[in-house]
Amino acid sequence: MSTSRVVGLNLHPVKSCAIRPVEVATVERAGFAGDRRWMVVDSDGKLVSAREEHRLFSIVPDTAETSSDMTRGLRLHAPDVDDLLVSSAPGPEISVRLHRHDLSGSLVSREADEWVSTVVGRSGLRLVRCPDPTARALNPDFSAEGDHTAYADGYPVTLASRASLARLNEWIAQGAVERGDEAPPPLPMERFRPNVVIDGDLEAFVEDSWSRVRLGGVSFRVAKPVDRCVMTTIDLADLETGKEPIRTLARHRRWDGATWFAIHLIPDGTGEVHVGDEVLVDQVRRSRPAPA
């Protein structure tokens, strides 16, 4: 029987901003505490993500869940500007749109709006906080009544395996050789922004077949695989856009009109997950075969 463990845990306090690695994550029904509880919107309340504004990746957000010197609120850091401390006190609520979801957001402050607008280089941006994650129901095709999340794209938690990333990087290198190109450096896991990274005695993409998994003492249902967009093609170091991994995923991991990497999880309860916790697969379903 395969053995695997949690080797990485990540929070994203502000959607599309820098990833914050942690050693322990508190699991709530909405996902990891402090994960994607804030986001940036335009003057119409529509999500502004790093897909369109790459400089969002340069904003480093910290909360009490990510930094020991924080007790409440949000701290924003970016190059060439002073840090900004943001209160978590609820502000006036506005209507916001996250992809196809019509939600609510609490305005933070005019100072926060101006700070984010300056860093991104785009006027009229606003920072909002999710006032009530329970108000956002999930897709009923892949969830149960009462499941909810804050500003994640679709589901509370994402999990990816190093074995699957290694296979993907092999495919990318093979494709480069076939085209007569030099093989690129392996893609880092950060391109996929998972909350949980696992490693161990695993086959690549075996997680496609899971329907229930236990991390430490917390049980999760597997909602579905994660469909991937062009945001994964942005290099987090230089913020330049390339063709990988979408080009290779489209060749090896494409079905239902989308490309797929990692899986979405929905917590069945609350608790804590630690780096080093064992990964136990409680239930397996028939896997969709991926092209070789």
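The values are calculated or read from the model by the stated rules, or taken from the named source; none is laboratory data. None of the values given here were measured: they were computed from a predicted structure. So basically every Cβ, Gly included, is an ideal-geometry build from the backbone, and we count neighbours across all protein chains shown.
Is at least one residue of region 129-142 under 20 Å from LYS224 (Cβ atoms), of a type in the set (S, T, N, Q) and over 17 Å from the mean Cα position of the chain (by Cα)?
Looking for residues that are under 20 Å from LYS224 (Cβ atoms), of a type in the set (S, T, N, Q) and over 17 Å from the mean Cα position of the chain (by Cα), one finds at least one in region 129-142, hence yes.
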Report whether or not SER161 is closer than 30 Å to GLY146 by Cα, among the small types (Gly, Ala, Ser) and surrounded by fewer than 17 Cβ atoms within 10 Å (Cβ to Cβ). no
If we keep just the residues of region 167-199 that are loosely packed, with under 14 Cβ neighbours inside 10 Å and under 23 Å from the mean Cα position of the chain (by Cα), which is nearest to GLY8 (Cα to Cα)? PRO188
Search result, residues across region 205-245 that are touching a Pro at 6+ places or on another chain (Cβ under 9 Å) and either surrounded by fewer than 17 Cβ atoms within 10 Å (Cβ to Cβ) or among the basic types (Lys, Arg) (or both): ARG221, ARG228, LEU236, GLY242
For the list (1) outside any strand (DSSP E or B); (2) in contact with a helix residue (DSSP H, G or I) (Cβ under 9 Å, 6 or more places away or on another chain); (3) surrounded by fewer than 19 Cβ atoms within 10 Å (Cβ to Cβ), I need the number of the one condition that THR248 fails. (3)
Of (1) under 30 Å from PRO185 (Cα atoms); (2) in contact with a helix residue (DSSP H, G or I) (Cβ under 9 Å, 6 or more places away or on another chain); (3) of a type outside the set (A, V, I, L, M, F, W, C), ARG122 satisfies every one except (1)
Can you tell me which condition MET1 does not meet? The list is (1) touching a Lys or Arg at 6+ places or on another chain (Cβ under 8 Å); (2) at pLDDT below 95, and all the others hold. (1)
Candidate set: region 59-115, residues that are among the small types (Gly, Ala, Ser) and under 21 Å from ASP44 (Cβ atoms); chosen: the one modelled with the lowest pLDDT: GLY91
I'm told LEU98 meets every condition in (1) within 19 Å of the chain's Cα centre (by Cα); (2) without any contact (Cβ under 8 Å) to a residue 40 or more places away in the chain except one. Can you identify the failing condition by its number? (2)
Among the residues of region 112-138, write down those that are closer than 26 Å to GLU28 by Cβ, surrounded by fewer than 19 Cβ atoms within 10 Å (Cβ to Cβ) and touching a residue at least 60 places away in the same chain (Cβ under 8 Å). THR134
